[in-house]
Amino acid sequence: MTVKPSIDPARLLEEQLAQASPDLLRELLQTFINVLLSAEADAVCGAEYGTVSPDRVNRRNGYRRREFDTRAGTLDVAIPKLRTGSYFPEWLLQRRKRAERALTSVVATCYLLGVSTRRMDKLVQSLGITTLSKSQVSEMATELDAHVEEFRTRSLAESGPFTFVAADALVLKVREGGRVVGVHALVATGVDADGHRQVLGLQVTSSEDGAGWLAFFRDLVARGLGGVKLVTSDAHVGLVAAVAATLPGASWQRCRTHYAANLMTITPKASWPWVKALLHSVYDQPDAPAVHAQFDRVVDALAEKFPAVAEHLEANRADVLAFAKFPKELWRQIWSNNPNERLNREIRRRTDVVGIFPDRGSIIRLVGAVLAEQHDDWAEGRRYLGLDVLARSHAVDTDTEEVTNELTLQAITA
């Protein structure tokens, strides 16, 4: 049977907006749910409430109140009672107390921050949710841990090849052995075969050395990372050596932003604006031959006045200009680690609230959840790189000489 509308939505919305109540969403949601329950009860009875009908098979007999937790707050739901039998909205509630599944994100965040159950209750009450049990916290935290672990260990083979990869590390504080120590969260991102960015991996190590980076990249390769043509990062010796050891067919691009900061340290302060302008002029060229030609002119211009700066540039030519082998359309995306720096800032925004983590597992939990969320956003968004330019990039010959000098060997075995 068709149930006649019992409210005028337009008039109700107008009244609520006119009142400008801070609980507008909660009140609207509560009203609509109660109307739906009433309509369903009428359908069970065979006739509308308060009407006489030969089709009626049951009658209403008041209401029983139940609290229902939602993202909008705890709602006071009025469930109609029947004279004969019982009515219970299985589509909305269970016969025991539960929170809406979407509340998981709120509870999980509280859990990640190491907030006590008492403080957590106060927080969710400020959101309009009246109670929160320890079992709910435990259950949702377990669910989150499983999700993060599945994300961190997923296979990468189906999404490859990953033509471009970027890697970086963040220093976070954790309590270990009764003291606060710094640990490194190693993060890698890449561009998959469909042109979308992906978060490839996350690991927490005691130090940002060769052993940590080598284990990190070995894990990525074991999970299916392949087809890498270029890795962009800062000039961490351990990272560069690990890339050479695990991805022998890949070139390495030294982040232009970090390199400029390194070059500034050996340049007289008064002359840095001029040197910086010369360095930037290299990146403003229209094609690869022009980039190398301008680089030569910059080195020549600095050789007489600042020989140390010129030597530094010449020694790092191949690493600073690795981007020039690839199509110009994507130079901005591959010549620096700035895209990963933006991701790092989002991680920092979440981790700064915590300050000092209770253990390494909590770092994996929070940072992993942030990365998984960002990964999903990238997957649902537009392509980061076009398929045509990716195909042309993957055809670029990037064979590099095997790095076997003493410094590299020390970094790998550190």
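Where a number appears in this text, it was derived from the coordinates with a stated rule and is not lab data. A quick note: this is a predicted structure, and the numbers were derived from the prediction, not measured. When we count neighbours, we look across all protein chains shown, and the Cβ atoms used for this are built from the backbone with ideal geometry, even at glycine.
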Item to complete: Using label points projected 7 Å from each Cα along Cα→Cβ, tell me how many nm separate Lys269 and Thr31, to one decimal.
Response: 6.5 nm
Discussion item. List the residues, sorted by chain then number, that are 5 or more residues from Gln203 or on another chain and whose placed amide H is less than 5 Å from its amide H.
Written reply: Leu186
Worksheet item: Given H placed on each backbone N at 1.01 Å, which residues far from Phe357 in sequence or on other chains put an amide H within less than 5 Å of it?
Response: Lys173, Val174, Arg175
Fill in: Overall Cα dimensions of the stretch 177-252, principal axis frame, Å, largest first
47, 23, 22
Fill in: For the stretch 168-185, 3J(HN,Hα) per residue [Karplus equation, 6.51 cos²θ - 1.76 cosθ + 1.60, θ = phi - 60°, Hz, x = Gly/Pro]
7, 9, 10, 9, 10, 9, 9, 8, 9, x, x, 9, 9, 10, x, 10, 10, 9
Discussion item. Quick check: pseudo-label points 7 Å beyond the Cα along Cα→Cβ at Ala157 and Asp376, how many nm apart are they?
Written reply: 2.7 nm
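Mind putting a number on the dipole of the stretch 231-367 about its Cα centre? Charges go on the C-beta only, +1 for Lys and Arg and -1 for Asp and Glu, and I need it in Debye to the nearest 20. The partial results should precede the final answer.
Details: 17 positive and 14 negative charges, 112 e Å.
That gives a dipole near 540 debye.
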Practice prompt. Would you grab the residues whose amide H sits under 5 Å from the one on Leu247? Only those 5+ places off in sequence or on another chain, please, with H modelled 1.01 Å from N.
Written response: none
Fill in: Taking the convex hull of Cα positions in the stretch 159-413, its mean projected area over all directions (nm²)
15.0 nm²
Response to the item:
Along the stretch 308-317, Karplus-curve 3J(HN,Hα) (6.51, -1.76, 1.60; θ = phi - 60°) to the nearest Hz, with x for Gly and Pro, reads 5, 5, 4, 5, 4, 4, 5, 5, 10, 3
Item to complete: Using θ = phi - 60° and the Karplus relation 6.51 cos²θ - 1.76 cosθ + 1.60, list the HN-Hα couplings for the stretch 253-267 in order, rounded to whole Hz, with x at every Gly or Pro.
Response: 9, 6, 3, 5, 5, 5, 5, 4, 5, 5, 5, 4, 5, 10, 9
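Within a 10 angstrom radius of the beta carbon, how do Thr163, Thr189 rank from fewest other beta carbons to most?
Working: Thr163 28, Thr189 25.
So the residues, fewest neighbours to most, are Thr189, Thr163.
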Item to complete: Measure out, as a whole number of angstrom, how far apart the alpha-carbon centroids of the stretch 299-361 and the stretch 141-187 sit.
Response: 21 Å
